[in-house]
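**Q** For reference, the structure I am asking about is given below.
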Amino acid sequence: MLNILACCVAALLIAGEVARFGGSVRFVPMALDELAVAALLLWAAWRSRRDGAVWHLVGWGAFCGLSLVLLVETADHQMHGPAKAAGPAYLVILSAMFGLGAGAIGRALRLCRVHSGQQ
């Protein structure tokens with residue numbers, strides 16, 4: 001289930017960045033962070049068949065870090081200006097993304113403990 005979730009979230013990240021910056025000269029600097037996180041999530045899903053869920057900790061940790069940075073930046077704009085028109089919607093979506101990533105980290109930790117026999 002964690003592999004499917006990682007692949008779906010990675011596909012959404014890639015699709016969102018292509019939709020936002022596809023065909024723009026700003027694509028390379030502006031989309032690299034999301035594309036790097038998507039690549040980590042895909043790699044975690046690929047490696048987990050051999051190594052277990054440990055690589056999901058890396059991929060989902062990066063996803064949480066990205067979500068948290070975007071959440072803080074958006075909240076700062078909403079509180080101190082200039083406010084974004086869709087700022088409240090962004091805050092809800094970014095909070096949900098962070099919660100999803102934190103839940104995935106928790107699941108990966110439980111899977112790692114079971115795999116190593118610590119439970």
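**Q** Could you list the trypsin sites (Lys or Arg not before Pro) in region 30-110 that lie in coil according to DSSP, counting only those with at most 16 other Cβ atoms within 10 Å of their Cβ?
**A** Counting only loop positions with at most 16 other Cβ atoms within 10 Å, the trypsin sites (Lys or Arg not before Pro) in region 30-110 are Lys84.
**Q** I'd like the distance separating the alpha-carbon centroids of region 61-93 and region 1-47, in whole Å.
**A** 18
**Q** Here's a follow-up. At a 1.4 Å probe radius, carbon and sulfur cover how many percent of the accessible area of region 16-119?
**A** Here carbon and sulfur together make up 67 percent of the probe-accessible area.
**Q** Can you tell me the orientation of helix 87-116 relative to the chain, as the angle in degrees between its alpha-carbon axis and the longest Cα principal axis, to the nearest 10?
**A** The answer is roughly 10 degrees.
**Q** On alpha-carbon atoms, Rg over Rh for the chain using Kirkwood Rh?
**A** Ratio of gyration radius to Kirkwood radius for the chain: 1.04.
**Q** What FRET efficiency, computed as 1/(1 + (r/R0)^6) with R0 = 30 Å and r the Cβ-Cβ distance, is obtained for Val58 and Ala89, rounded to the nearest 0.05?
**A** E between Val58 and Ala89, to the nearest 0.05, is 0.55.
The values are calculated or read from the model by the stated rules, or taken from the named source; none is laboratory data. Note that the structure is a prediction, hence the values are computed from the model and not measured. FYI the Cβ positions are ideal-geometry reconstructions off the backbone, even for glycines, and counts take in every protein chain you see. What goes into the accessible areas is simple: the full protein's heavy atoms, side chains included, and nothing from ligands, DNA or RNA. Shrake-Rupley method; radii C 1.70, N 1.55, O 1.52, S 1.80 Å.
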